[in-house]
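Below: one structure, written as structure tokens.
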Amino acid sequence: MFERIRGYGFLILSLSWLLFAANGRAQSHSGSIDGVVKDQSGASVPGAKVEITYPVSGFHRETTTDTDGAFRFTNVPFAPYHLVVTAAGFDSISQDVDVRSAVPVNVQISLKVGSAASTTVTVESNGADLIETESTFHTDVDRNLFEKLPLESQSSEVSSLVTLASPGVVADSNGLFHGLGDHAENSFSVDGQPITDQQSKVFSNQVPVDSIQSLEVIGGAPPAEFGDKTSLVIKVTTRSGLGQTTPVGTIRASYGSFGSVTGGFDVAFGGKKWGNFISAGGLNTGRFLDPPEFTVMHDKGNEQNIFDRVDFQPNGADTIHLNLGYTRSWFQDPNSFDAQSHPCPPALTNPGVTCDATGTVILNPVTGNPLGPSDQRSQIKTFNIAPTWTHLFGGTTLFTFGAFVRRDHYNYFPSADPLNDFSLFLQSTSVAQDRKLTNAGFRSDVSYVKGAHNIKAGITFQHTFLTERDSLGIVDPTFSASLGCPDPAVPACAADLTTGGSLFNFRGHGDIKEIALYVQDTITEGNWSFNLGIRGDLYRGFTSSSQAEPRLGVAYNIKPTNTVLRVSYARILETPFNENLVVASFGDPGGVISSVLGTPAPIPPGQRNEFHGGLQQAFGKYLVIDADYLWKYTHNAYDFGVLFNTPITFPIAWHNSKISGFSVRASVPNFHGLTAFVVLSGVNSRFFNPQVGGLGTDLTTTGAFRIDHDQKFQQTTHVQYQPLQNYPWIAFTWRYDNGLVAGAVPFGDGTNPVDVSGLSPDQQFEAGLFCGSVHATPTTPISPNGLCPANLYGSTFLSIPAPGTQNPDHNPARVAPRNLFDTSVGHDNLFHGDRFKWSLRFTVINLTNKVAVYNFLSTFSGTHYVTPRTYTAELGFHF
């Protein structure tokens, strides 16, 4: 308790220092462009039109000069921009402006008197504007590009956006995505605030997509300023109202399949020295999570969120910035047919499990009545507070100080009668959970730009407070008998509800302290760019570690061919997942959980060596291709384990992993209204026993295996077309996944029949199993005795190796390949208004109604189906 109070006291002290410091400019992940437009005599040119464009990301912004000829673009994501200035009576002029630091970029424009009086010009770019002399492979996506992208999940749209727009990302259920062969080793950096905890919608609530201006997804070797979980680093720049003297915003509402209703608004307003951006939204749907059946049962959910960004710039040197956010989500845990109706399988031989007189429904072992449907639910509350102050010294040095506190409060509620949570073959326990994860800290850095150097040095401190409260009861008499119950010497027997036991309550607390110091320099000299950096991490959790981490990269621009070649290296200290880290590291004092799952062991941080090589190639001004190949070698590689089919997922560590693969992104900037991109990748993700940390630690098993986020190939193709600005538009997306590893599926040895008796009929149905012409149904297995001749055995949803050829490393079972198609059509200005506009959009997800699964009995998340065909219509009012 003293540590908790002291940690919050430190945070309050930091906030006080921030708010009462001398004065407080740009954000860590965005810069600004300032300039003055003059004529040849040196006189100011007011009313000149200034535009900046980065065609690859879709970024475009324009403004006009004031009475002094001055202009400013704030909140500009790091990227190379093409700047064009036009004014009546002058020739237009263009130049390239590279924004790579929070230090403002100053440009001076001198216009020549011309014969034309036109104030319009087509913003043209060339091949050189499409490439970046950067050693780090990354993907830039701006709101102008992604706002028309059909996104699958309304409750985790950021996950859908990253999965579709970035190469190397494997799609999984419930907003989870695997970045470059790792399980959830991804982090977000929202306006410079590090968020390294899980962002899947079964763990946390994501930043709302309506609040995002742009994304930069780093898939290459991360610069020294990023640590912890760096397989993917998603840099988020939020929207701002700074300088928005005329309020602008949107009010929107939609209705779609499964009774899905959304509503919300966003508005940006301010003045020359201040600004405010607010977005708020709500969702209510009958399909909140991806269920274990294609038919949706018990899957209602709702979500409400609000985001507020405040900017204040009292003078030319100081800026104070504040991000505030709160999101609440409530949802049912979707039922399988087994959990919904508790069918009694044919030829039931499980002792202690009885069925009704008709032999179709399992009876409550205590009351003797038929079991009712499982009614498990979750609630997640997330709040975030992140103030930042920046001060500009001269025109070359920017100091930043920021503090933050973020909390996820997760509650899981079991059925009112815990015994209704029993599902034969699937779930043997009823679980309740009350978990809090609070992350507080500060960050400070100094950026210096001079000549060829772009230097940044900083420090980050994070203190994470963990509170875990779990209740567990055994509801399966067969399972309790397998433990030896009612033997009082077995700790778990005291929690056997079928014999009069009571719920076991676990209470765990802990805190994690991390501090990092780094310095990095990007040196640009001629056609060369060198990224030199070093980071030092100090981790003090349930284990301790420290490490010096060099980060090196070099890129060379072959300008005659518009080609950039690059290589990079990073040494990384990977930190364990914080979700349920206490119980994973120590088990429980009474040994109830460890008597079921096995001996726990604290999880040490991992050490990784990461190598990248790649190139970027522009073909004219309408196509750019970016390619990267990676090798990652990790000692202490992380994954999640799960307590049966409950929401108690906990981190585990394997001895080491070897990950390699390729990523490619091809972009077609706006070509007469046509915009397109293709991302494709393939990753080999090989993990090696033994398990060295977490519950069920096994130090004897050896051998290599493909983890369930290994996928050989995936691609996304997105095309959108809008012939003119006030015309309708259409967008189309094709996603192909060749299939995650599905390690739980039975397979044949080439000699004996395949034995599927370990799966219930419903689980066989979920996997699409068949034996000859007999296909499993939710109540009928593929064979009465669970055996099927190998030559008749197969699946419609899984790719099962031929008998005798299965190998966990070289030939594992996989989810079958799938093609999914999504489309949107809309009009952004239905009645051709000027100040006020109405928009209409119609979206179809899974156009062909493809029936497919994300995974099957995954050790992390169970079985989940992809979204069936859904329709959504959205109406918007813009001002």
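Which residues, taken from the range 293-328, are at pLDDT 95 or above, assigned to a loop (DSSP other than H, G, I, E, B) and open to solvent by less than 10 Å² (accessible area, probe 1.4 Å)? Hit for the range 293-328 is 299, nothing else. With the requirement that a residue be open to solvent by 10 Å² or more (accessible area, probe 1.4 Å) and among the hydrophobic types (A, V, I, L, M, F, W, C), what does the range 433-452 give you? Correct list: 442, 446, 449, 452. Residues that are farther than 30 Å from residue 779 by Cα, buried (at least 22 other Cβ atoms within 10 Å of the Cβ) and under 28 Å from the mean Cα position of the chain (by Cα): does the range 425-432 have at least one? No, every residue in the range 425-432 fails to be farther than 30 Å from residue 779 by Cα, buried (at least 22 other Cβ atoms within 10 Å of the Cβ) and under 28 Å from the mean Cα position of the chain (by Cα). Considering only residues in the range 47-81 that are on the phi > 0 side of the Ramachandran plot and assigned to a loop (DSSP other than H, G, I, E, B), the one that is surrounded by the fewest Cβ atoms within 10 Å (Cβ to Cβ) turns out to be 47.
Looking only at the range 82-115, which residues are in a strand (DSSP E or B), surrounded by 15 or more Cβ atoms within 10 Å (Cβ to Cβ) and among the aliphatic types (A, V, I, L, M)? Those that are in a strand (DSSP E or B), surrounded by 15 or more Cβ atoms within 10 Å (Cβ to Cβ) and among the aliphatic types (A, V, I, L, M): 83, 84, 85, 93, 97, 99, 105, 107, 109, 111.
Filtering the range 647-679 to residues that are outside any strand (DSSP E or B) and under 24 Å from the mean Cα position of the chain (by Cα) leaves 647, 648.
Yes/no matrix, rows are residues, columns are (1) within 30 Å of residue 517 (Cα to Cα); (2) touching a strand residue (DSSP E or B) at 6+ places or on another chain (Cβ under 6 Å); (3) open to solvent by less than 10 Å² (accessible area, probe 1.4 Å):
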| residue | (1), (2), (3) |
| --- | --- |
| 564 | no, yes, yes |
| 573 | yes, yes, yes |
| 607 | yes, yes, no |
| 613 | yes, yes, no |
| 630 | yes, yes, yes |
| 633 | yes, yes, no |
| 643 | no, no, yes |
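Taken over the range 653-695, the residue count meeting the criterion of being open to solvent by 10 Å² or more (accessible area, probe 1.4 Å), within 24 Å of residue 739 (Cα to Cα) and not aromatic (Phe, Trp, Tyr) is 11.
Yes/no matrix, rows are residues, columns are (1) charged (D, E, K, R); (2) surrounded by fewer than 24 Cβ atoms within 10 Å (Cβ to Cβ); (3) within 30 Å of residue 840 (Cα to Cα); (4) out of contact with any Phe, Trp or Tyr (no Cβ under 8 Å at 6 or more places or on another chain):
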position	(1), (2), (3), (4)
211	no, no, yes, no
214	no, no, yes, no
218	no, yes, no, no
222	no, no, no, yes
230	no, no, no, yes
237	no, no, yes, yes
248	no, yes, yes, no
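Please go through the range 538-555 and give me each residue that is surrounded by 16 or more Cβ atoms within 10 Å (Cβ to Cβ) and under 23 Å from residue 101 (Cα atoms), ordered by number. Selection gives 549, 551, 552, 553, 554, 555. State the number of residues belonging to the range 390-407 that are in contact with an Asp or Glu (Cβ under 7 Å, 6 or more places away or on another chain) and open to solvent by 10 Å² or more (accessible area, probe 1.4 Å). Count: 1. Residue 202 falls short of the stated requirement of being out of contact with any Asp or Glu (no Cβ under 6 Å at 6 or more places or on another chain), β-branched (Val, Ile, Thr), open to solvent by 10 Å² or more (accessible area, probe 1.4 Å) and more than 18 Å from residue 639 (Cα to Cα). Could we say that residue 511 is among the acidic types (Asp, Glu), farther than 25 Å from residue 130 by Cα and under 29 Å from the mean Cα position of the chain (by Cα) here? When the stated conditions are applied, residue 511 passes them.
From the list 431, 475, 490, 449, the one residue that fits, being farther than 30 Å from residue 326 by Cα, in contact with a Phe, Trp or Tyr (Cβ under 7 Å, 6 or more places away or on another chain) and of a type in the set (A, V, I, L, M), is 475.
If you check 384, 420, 411 for being open to solvent by 10 Å² or more (accessible area, probe 1.4 Å) and in a helix (DSSP H, G or I), only one passes: 420.
Out of all the residues in the range 495-533, which are surrounded by fewer than 17 Cβ atoms within 10 Å (Cβ to Cβ) and within 16 Å of residue 591 (Cβ to Cβ)? Scanning the range 495-533 gives 505, 507.
The values are calculated or read from the model by the stated rules, or taken from the named source; none is laboratory data. This one's a predicted model, so the numbers in the text were calculated from it and none came from an experiment. For neighbour counting, all protein chains shown are included, and Cβ atoms are generated from backbone atoms with ideal geometry for every residue, glycine included. Protein only, heavy atoms only, side chains kept; ligands, DNA and RNA dropped before computing areas. Shrake-Rupley method; radii C 1.70, N 1.55, O 1.52, S 1.80 Å.
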